Structures are given as structure tokens and as C-alpha cells.
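Every read-out reported here was derived from the displayed coordinates using simple, explicitly stated rules and does not represent laboratory data. What you see is a predicted model; the values in this text were computed from it and never measured. Counting neighbours? That spans all protein chains shown, and the Cβs are built from the backbone with ideal geometry, glycine included.
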Amino acid sequence: MNNPASAPRAGGEKKVISLDAVVIGAGFSGLYALHQLRDHLGLDTRIVELNEGVGGTWYTNRYPGARCDTESYIYCYSFDGELLGDWRWSSKYPKQDELLTYFNHVTDRFALRRSIDFQVRITGATYDEERHRWRLHTEGGVEYDCQFVVTAMGTLSSVPFTPFVEDIEKFKGEWHHTGAWPFEGVNLKDKKVAVFGTGSTGVQTIPVIAKEAEHLYVVQRSPQYTIPARHADVDDETFDRIQSEYDDIWARARSSAGGFPWQHNGRDALTESDEDLNAFLETMWAQGGLQFVFGSYRDLLTDLDANDRVARFVRSKIAARLGDEELADSLVPKDHPFGSRRPVIDTNYFETFLRDNVTLIDLTKEPLIGATENGIRTEKGEYDIDVLVFATGFDAVTGPFMRLDIRGRGGKTIQQHWEDGPASYLGLMVRGFPNMFTITGPGSTFGNHAVTMEHHVEWIADAIEYMRENEIAAMEPSQESEDQWGRDLIDQVEKTVVSKGSSWWSGENIPGKKRRPLFSVASHKHYRKLCKTEAEGGYDNFEKEPAAADALQDVKN
């Protein structure tokens, strides 16, 4: 395993590794960042990775049923045409192990592994204002000294969130979080299992666990809208069609609302006749997947009355799948608009509740009291449980930063800077932390991560190239630009149904976390135009410091 950071110098002297750039994380984003900075810009670059292998989210999320819910042909790298043509996905929504195989293939194809330091835990980073360089600190004592830091720590992977359960320490059975699932797996056969959480992870794992467990208890705080996945294998005809259309597919994805190659149908659900509305929605429902959200009506996510018409259709479909009034009362969402939380797709999720070995624990009807030695207790009684599974998500977007001791100008920490909520400019840089670029940081676009990630990496690479060509030692957003972007994010959300939902999108899943939009809900086309304008204008909304003469000489040498 490549890990030059693991060997301290003799005599206890601290080892310092000097580089041009350090990328934190060897997932989807980090691998591409390394390729761009090392192979295209020629920078001395390394990835520092906590885990033993590449893959990021798909290295750690190994729970039963784990798979991508974005279609495989657009959840991949687009920067290399030969890679697109050579790699063939087996199915519409690839499983975790296939995704991990893909990322290892990319790593080896582009010889990235030799520039990755595995099993290195970053504990913090300190900015040296005189030298315009960062010093990254590790758990093992080795330090990395570099001009540029690129964070690729994962939006939804590195900080699993486990909610407080009273007396959990008394529970004598096993408990696991889906985001930190043991590599050796968990034996659930003939066990009584309770799954907490019915978000996208819970919706994936519940049907799979139900087939193995003796009995499954689903602990639900609030119900979810879901759309049928309509999963299928990729046949030759589909593969050939996608290959022939790839240029157009990526072009449409980059100019779409959510980073997918779909556009709305040009019509408003609010004014559509009942007959035409139902006919169109039936077609989309039969097709399944996220296109039901991002490829349907143009006012679906911006008009509450239009949204309610579509939501009524989805609710009726869920109720029909259940065929049970009591279950439908608990499982059909009524407390938030459709699409105000992250869209969820499913395979046999609602049908799972019709199994004899599955029991729904609706916390709105029987609040949780806490854990016992042998299970959990609600206001209605006790449940004997062997294994607790928390499918309760992550401290998303900002969590990976908040657990580190990152100190920028004047020793100010990232926690202090974000005391009133996360702030950035375009989700790409944070004021007070020069030369620290944040891939999919707070305030960036949401949707298909592959499209967002590639765009961010390429923008960052261009910005660094601009800095070096123009002899700029440090760059950071102006206070005005960061403040304005924060206001823009709020304005964007207020114009959509997202403002009426309560979810991790605004940090509401984490107790004590300030409610702020974590993403830009503007279209990818609009966001990319803003980023392009910024770059073409010479990064006017950034403050820049020229490089000193001695530093320039070092660069030239």
C-alpha cells in the first residue's frame, strides 16, 4: 500500500512532505482532481485518503442493497471518450461493488494510485499568510506543505449521523450505521432487525434486509415520496444507443436543471387538463427513475398548487401499491411537497410492508422512549431486537469540514467562520481560507454528482492555472461576493417548494446545525454560466495577492 506519510523520520523529527497541491479524498471527485492537477497542469500533487482504497462513498457504503440511484451511463466520468466506450455497465443502477470496481479501473488506467497516500487521517490545516501555503496535519504526525488544498471529502459519506437514542448503551445486541457498514458484512439471517430511517438509504436496504431477517421492524419518523426505479440490465441495443448519443447526452446534462440529460416538457402542471396530466404522469411513472422529477412539468418545483396536483398522483400510486388503509395512513406523505426533499427511487419498497415478517413502527403514533437491553421501547410497548441498523444519513456537506481543525487567515477556524451557517462563493472557495478549493462545497449545485464534480474540478484547475500564469500567490473570495452568494442561495430556495420541506438539504437533520441552504437550486446551466463569467472576467470577485520575487524564482526553477 502506497503510504510515504506513514514513516516518521529517525529521532522523532517531524516529516514534512512538500508539494504544489494536496487533494483530500480519493473518491469520485478526488481522483479526477488528481488527474487534472498532476497530469494536465503538471503540479506535484498527492491525494491523502483515510481509507485503504479508492472510491469514497462507494468504499464505505456497503450496506445490503447499496446501489447508485442515478442511471449508470451518466454517473461516470465524461472527460475521456475511450473510457466511456470501453467501460460497460451491467445495469441501469449499478451496485456498490460494481461502482468500486469502476473507480479502481479508472485509478489504474490513469496511473493515479502512485500519487495516493492511503490510511492517512487529516486532523487539520493551517494557512501560513507570509508564505501563502498550507500545512496539513495528520494523526500520525506527518505534515504536508502545499500552496493549494482541494477538498474532495464527500458530500454524503465521511460523517455518518446517528441520532440520539435514550439508553442506547444498555442495548446488548449489535448496532451499525449503513454509512460505516463492516466490510465483512453483518449476519442478519434469523435475526430480529430494526432499521431506523426511511430516506434513500433506508428505502434501498429495507427490502433487502426483509428477505434475510427473521423479522424486520422499520422505525419511521416521517414518510417519503418515492418513484419506481424500474431497474433493468443494460442490453446491447441500449449500450450501442447510448454510445452513439453520448456527446448530446452530456451536453443536455450540463445545461439541465439537475445535471441529468432531461428537460421539462414545456408545459405547466397547474393548467394541464386532468386527462392530459394523468396521461403524461402515467407515462413517466411507467418509465420510472429521477426523470419523473427532472423531466416532467416546468412548474413542478416552483408552484405549490402545480406541485400538489403531481403529489396527489404520487400519493395515489403509493396507496394503490399498499392496498391497506392503515399502512397507507402512515406511509403516504402528507407533511411536505413532492420534491421538497431529495427525490427517492425504489424497488419493492412499499410492497415490503405487506410481508408477514415486517412491522412498521410509526413514531408519530408511538413515540420512541429509548433502548432496552433487548431492543427498543415506544409508548406502545417493547420490541425485542437483535440488530439495530441506522440508515439515518450524514452531517452533509459541511460535516467533513467541521470535524477538522482548519485555520485560515489570522488563525480563524472554519467553525468560527461558519458559526451562523456555511458561507462560500459559488460553493468553490471560502473567504479567509485562501487557495483552499472546495469541490461540491456548501452553495454548489445539487443533482447528478458526476456532472457537478467534473465541472468543479475543471473550474478549479483553470483557476490554479490562471494564478500561476499571472504570478498570483493567493486568491480568495471577496466579502461582498460571499455575502451576495449567500443571499442568492436563499432567494433561489424561496422560489421553490424546497423552502417548504424539512431535510438534510438545509441541515435540519443535525441537532443544533444552523438552517441554511447547502446547495444552489438554480439550474446547472445558470450556475455554469456564472462560473464561466467569473473565470472569463479574470476572477473579479476574488481578492488576489501577487507572488513575491523569491517565490516566483522557485516556481520557475
Given a cut-off of 29 Å, name the pairs among K170/K365; K92/K211; K317/K525; K170/K380 whose C-alpha atoms lie farther apart than that in the structure shown. K317/K525
Magnitude of the charge dipole, the range 143-279, Cβ model with Lys/Arg +1 and Asp/Glu -1, debye to 20: 620 debye
Hey, if you drop one equal point scatterer on each alpha-carbon of the range 368-482 and run the Debye formula without solvent, what base-10 log of I(q)/I(0) do you get at q = 0.10, 0.18, 0.20, 0.21 Å⁻¹? -0.47, -0.95, -1.10, -1.19
Coil-residue GluC sites (Glu not before Pro) of the range 166-265, DSSP, other Cβ within 10 Å capped at 13: E166, E184, E214
MRE, 222 nm, helices only [DSSP H, n ≥ 4, -39500 (n - 2.57), over the chain, to nearest 500]: -9500 deg cm²/dmol
Here the Kirkwood hydrodynamic radius of the range 1-127, Cα-based and in Å, equals 15.9 Å
Against the longest principal axis of the chain, how steep is helix 96-109, in degrees 0 to 90 to the nearest 10, with axes from Cα atoms? 20 degrees
Highest to lowest packing among 470-480, 218-228, scored as the average C-beta count within 10 Å: 218-228, 470-480
Using Cα positions and a limit of under 18 Å, work out the aspartates and glutamates in reach of K514, with same-chain residues fewer than 8 apart set aside. D395, E419, D420, E482, D483, D488, D491, E494
Once you put a point 7 Å from the Cα of E130 and another 7 Å from the Cα of R267, both along the Cβ direction, what distance in nm separates them? 6.9 nm
If you stretched the chain out fully between K514 and R121, how much longer would it get, using 0.36 nm times the residue separation minus the C-alpha to C-alpha distance? 138.8 nm
Sequence ranges 510-521, 372-383, ranked by mean other-Cβ count within 10 angstrom, highest first: 510-521, 372-383
Given the Cα-Cα distance of S18 and D540 and 0.36 nm per residue of separation, how much length would full extension add, in nm? 184.9 nm
Tell me the GluC sites (Glu not before Pro) within the range 99-153 that lie in a loop according to DSSP and have at most 10 other beta-carbon atoms within 10 Å. E130
Based only on Cα atoms, what mean projected area does the convex hull of the range 118-211 have, in nm²? 9.6 nm²
With a ≥ b ≥ c the root eigenvalues of the C-alpha gyration tensor of the range 298-448, is it rounded (a/c under 1.5), prolate (a/b larger than b/c) or oblate? oblate
From the square roots a ≥ b ≥ c of the eigenvalues of the alpha-carbon gyration tensor of the range 197-355, which class results: rounded (a/c under 1.5), prolate (a/b over b/c), or oblate? oblate
Take the range 459-511, drop everything but the C-alpha atoms, weight them equally and run the Debye formula without solvent; then report log10 I(q)/I(0) at 0.29 Å⁻¹ to two decimals. -1.06
By the mean-Cβ-within-10 Å protection proxy, highest first, 437-444, 248-255 rank as 437-444, 248-255
Within the range 117-205, list the chymotrypsin sites (Phe, Trp or Tyr not before Pro) lying in a DSSP loop whose Cβ has at most 13 other Cβ atoms in a 10 Å radius. F164, F183
